[in-house]
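Please treat every number below as a calculation from the coordinates, not as lab data. Values in this document were obtained by computation on a predicted structure and should not be read as measured data. Neighbour counts run over all protein chains shown; Cβ positions are idealised from the backbone, glycine included.
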Amino acid sequence: MDYQYYISAWVYKVLKQADRDFAGFLHEKGYGQSETKLYKLFCFSRLNFGKPRLWKEKKLFEISEHQISLQVSFDVNEAASNFIKGLFLSQEFYLGDKFNGIDFKVTGVEALPEPIFAETMQYRLQTPWVVSLKTENDKHPQYLKPFEKDFYELSVKHIAEKYQNTKGKVLDGSTFGFKLKTGVNEHGIPLYRKPEPAKWLEESRGWKRAGFLMKPGTPEESRIVGNLFDFELSAPVEVHRMIWNAGTSEKSSSGFGWVEVL
């Protein structure tokens, strides 16, 4: 079962219960001024529930763990962060559709330490990085693979635009350096290389496709597909803090682009 859509909806619901205006701000406008691109303030990890029993024929999994963890991060200041943290404590919610799901109760909320940021950082994607392209002739977006044309340019452009819309500061694409992990050398040191339309990257085992089903069971149901890989990013420290807090991908508030530092 793809549960990311339900988690995203739950986060918005918690915010709405506490402050209708703040939730509306998050949901309708994100953190910026653009009328067409909505940049969201938060991202979340996969659920940590051990090794579930899979029911492939039903596309379900059975959880035996009694305690499950989830990380949710907001790109907001400390005061807002403390306020938000208090909202989730003791929350009860149902995760699933009208046929299958599980009841949860939040029993603890704790703040995780922030990593030490530098201008060049290495990350591992825990949820897919989505890079989409839609032309006038496309009915649906194309979800690009790392070796396809425009992948690098659109990846960097999205980060720069997200930073501009959340922080109000303009960054040129040349400010960034973005490389995918291609392997390790004879000493076990990771090797990184700029993504490009090339045969070596198409055949590389350093990335894989992954996606989530959004709005399942509704007329708006769709599958969004991204890529999982390790990467190196060179950018101002505040950009690293932003993607750590709010994801590096498009659709981060739906759980895409969650990263961990390597």
message: Quick check: pseudo-label points 7 Å beyond the Cα along Cα→Cβ at residue 109 and residue 149, how many nm apart are they?
response: 4.8 nm
query: With a sphere of radius 9 Å drawn around the Cβ of residue 190, what net charge do the other residues whose Cβ falls strictly inside it have (Lys, Arg +1; Asp, Glu -1)?
result: -1
message: Shape verdict for the stretch 120-261, please, from the Cα gyration tensor: rounded (a/c under 1.5), prolate (a/b greater than b/c) or oblate.
response: oblate
DSSP beta bridges in the stretch 120-261 [antiparallel fraction, %, rounded to 5]: 100 percent
- request: At most 10 other Cβ atoms within 10 Å and a DSSP loop assignment: could you name the GluC sites (Glu not before Pro) in the stretch 148-223 that fit?
  value: 186, 203, 220
- line: Zone reached by a paramagnetic label modelled 7 Å from residue 234 Cα along Cα→Cβ, restricted to the stretch 102-131 with backbone N below 16 Å, covers 118-123
Only Lys, Arg (+1) and Asp, Glu (-1) charged, at Cβ; the stretch 120-261 dipole about Cα centre in debye: 180 debye
- prompt: Do the alpha carbons of any pairs in 51/251; 51/145; 85/105; 16/167 sit beyond 22 Å of each other, and which pairs?
  reply: 51/251; 51/145; 16/167
task: Determine the gain in length on full extension of the stretch residue 172-residue 63; use 0.36 nm per residue of separation and subtract their C-alpha separation, reporting nm with one decimal.
output: 34.6 nm
- request: For an R0 of 35 angstrom, estimate the FRET efficiency from the Cβ-Cβ distance between residue 49 and residue 220 and round to the nearest 0.05.
  value: 0.80
statement: Placing each pseudo-label 7 Å from Cα in the direction of the beta carbon, residue 9 and residue 116 end up separated by a distance in nanometres of 4.4 nm
For the stretch 179-223: lysine pairs under 27 Å (alpha-carbon distance), excluding those fewer than 8 apart on one chain: 8
query: With r defined as the distance between the Cβ atoms of residue 202 and residue 97 and R0 fixed at 51 Å, what FRET efficiency is calculated, to the nearest 0.05?
result: 0.90
- prompt: Going through the stretch 65-141, which trypsin sites (Lys or Arg not before Pro) have at most 14 other Cβ atoms within 10 Å and a DSSP loop state?
  reply: 98, 134, 139
